[in-house]
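These notes are about the structure you will find just below.
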Amino acid sequence: MSNAEHLATVMVNAFIDAVDRGVDVVPVVADSTSTAKIAPFMQKFPGRLVNVGIAEQTLVGVASGLALAGKVAVTCNAAPFLIARANEQVKVDVCYNNTNVKLFGLNAGASYGPLASTHHAIDDIGVMRGFGNIQIFAPSSPLECRQIIDYALAHVGPVYIRLDGKALPELHDESYQFQPGAIDVLRSGDEIALVALGSTVHEAVDAAAQLADLGIAAKVISLPSVRPLDRDALAEALSGFKAVITVEEHNINGGVGSIVAEVLAESGAGARLKRLGIADGDYAIAADRKEMRAWHGIDAAGVVKQAQALLAR
């Protein structure tokens, strides 16, 4: 396992390596060069990056035009502004027209913490799931992030990649191979299943370790690939469990909680489900990550508490 690494740094290194091997990558930013940590790319390839200023609708439109001209266009800006301000352009210019644009939602979830709901993206997975043609990914570790980006740059068609705004430690060893559509089982267990998305996978892993100390065997499943998703594999992984918890830094509607609810219902499973995330009708509180996750019960302690309660019923 390696030290923690910021996923935006992983992204930029992937872009540099792609251009070095001949991929015609053109990043488009909206005065978001610092957010994207893209200075190393600009230094190595001056003139290759397009900065449209604080104009997210233009960002997506320009990227779509570049894609139609044969470029591999990648947008790099904060997820809340990509999702909210450029919603129609994402829907029409990218998804409906099936253009070869890769949308990177940086600092997703409540990564911006104290900057509050104007800067939080707790609905991005739900919004993107409502659009056609686009593939959706949410890496939980640096290695997985790099493999997802390499896949996205080679894939022809729209892609949305949700990137956390904090440095994340490695969860996978060098043998790990990301596969589009595949679920990622990080820990085995037979009493309760924990299904998580993105950076909250780390909370689920920590919670499973704490539950093990209490004599409770928890299975941990990560969903790095939201679309495509092998729903049959997820249903099989959840079969036999009487209790399932989902964990996400996202509204409980539209994200991993909804996906798991759909899979359990459609497969006829009788499991009790507890969805942990930002509650229906709520915003994430304005606070740093530790306090915010504790408040909403999506830290490891919150997962352990809910697991004990669910198993006691």
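A few remarks follow.
- Among the residues of segment 170-202, the ones that are among the acidic types (Asp, Glu) and open to solvent by 30 Å² or more (accessible area, probe 1.4 Å) come to 4 in all.
- Residue list for segment 24-38, filter: in contact (Cβ under 8 Å) with a residue 12 or more places away in the chain and either of a type in the set (Asp, Glu) or open to solvent by 50 Å² or more (accessible area, probe 1.4 Å) (or both): Asp24, Asp31, Lys37
- Count of residues meeting criterion [open to solvent by 60 Å² or more (accessible area, probe 1.4 Å), over 29 Å from His202 (Cα atoms) and assigned to a helix (DSSP H, G or I)] in segment 1-23: 1
- One residue alone among Asp164, Asp173, Asp150 is touching a residue at least 12 places away in the same chain (Cβ under 8 Å), more than 15 Å from the chain's Cα centre (by Cα) and in a loop (DSSP other than H, G, I, E, B), and that residue is Asp173.
Conditions (1) open to solvent by 10 Å² or more (accessible area, probe 1.4 Å); (2) within 25 Å of Ala279 (Cα to Cα); (3) touching a residue at least 12 places away in the same chain (Cβ under 8 Å), marked per residue:
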{"site": "Gly53", "(1), (2), (3)": "yes, no, yes"}
{"site": "Ala63", "(1), (2), (3)": "no, no, yes"}
{"site": "Leu68", "(1), (2), (3)": "yes, no, yes"}
{"site": "Val74", "(1), (2), (3)": "no, no, yes"}
{"site": "Ala79", "(1), (2), (3)": "no, yes, yes"}
{"site": "Leu82", "(1), (2), (3)": "no, yes, yes"}
{"site": "Val101", "(1), (2), (3)": "no, no, yes"}
{"site": "His120", "(1), (2), (3)": "yes, yes, yes"}
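- Scanning segment 122-138 for residues that are open to solvent by less than 40 Å² (accessible area, probe 1.4 Å) and under 19 Å from Val72 (Cβ atoms) yields Ile134, Gln135, Ile136, Phe137.
- Note on segment 210-249: among residues that are of a type outside the set (A, V, I, L, M) and closer than 13 Å to Ala196 by Cβ, the one that is surrounded by the most Cβ atoms within 10 Å (Cβ to Cβ) is Glu248.
- Among (1) open to solvent by 50 Å² or more (accessible area, probe 1.4 Å); (2) part of a loop (DSSP other than H, G, I, E, B), the one test that Ser111 misses: (1)
- Subset of segment 283-300 (residues that are touching a His at 6+ places or on another chain (Cβ under 8 Å) and farther than 12 Å from Glu248 by Cβ): Tyr283, Ile285
The rows are residues; the columns are (1) outside any helix (DSSP H, G or I); (2) under 21 Å from the mean Cα position of the chain (by Cα); (3) farther than 15 Å from Ile125 by Cα.
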{"position": "Gly257", "(1), (2), (3)": "no, yes, no"}
{"position": "Ile285", "(1), (2), (3)": "yes, yes, yes"}
{"position": "Ile298", "(1), (2), (3)": "yes, yes, yes"}
{"position": "Gly302", "(1), (2), (3)": "no, yes, yes"}
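- Residues that are of a type in the set (A, V, I, L, M) and touching a strand residue (DSSP E or B) at 6+ places or on another chain (Cβ under 6 Å) within segment 70-104 comprise Val72, Ala73, Val74, Ala78, Ala79, Leu82, Ile83, Val94, Val101, Leu103, listed in sequence order.
- Segment 176-185, subset outside any loop (DSSP other than H, G, I, E, B) and touching a Ser or Thr at 6+ places or on another chain (Cβ under 6 Å), residue nearest to Arg129 (Cα to Cα): Gly181
- Against the numbered list (1) under 20 Å from Val101 (Cβ atoms); (2) touching a helix residue (DSSP H, G or I) at 6+ places or on another chain (Cβ under 7 Å); (3) in a helix (DSSP H, G or I), Pro40 comes up short only at (1).
The values are calculated or read from the model by the stated rules, or taken from the named source; none is laboratory data. Quick caveat, the model's predicted, so the values are computed rather than measured. For neighbour counting, all protein chains shown are included, and Cβ atoms are generated from backbone atoms with ideal geometry for every residue, glycine included. We work out accessible area using only protein heavy atoms, side chains counted, and drop any ligands, DNA or RNA first. Shrake-Rupley method; radii C 1.70, N 1.55, O 1.52, S 1.80 Å.
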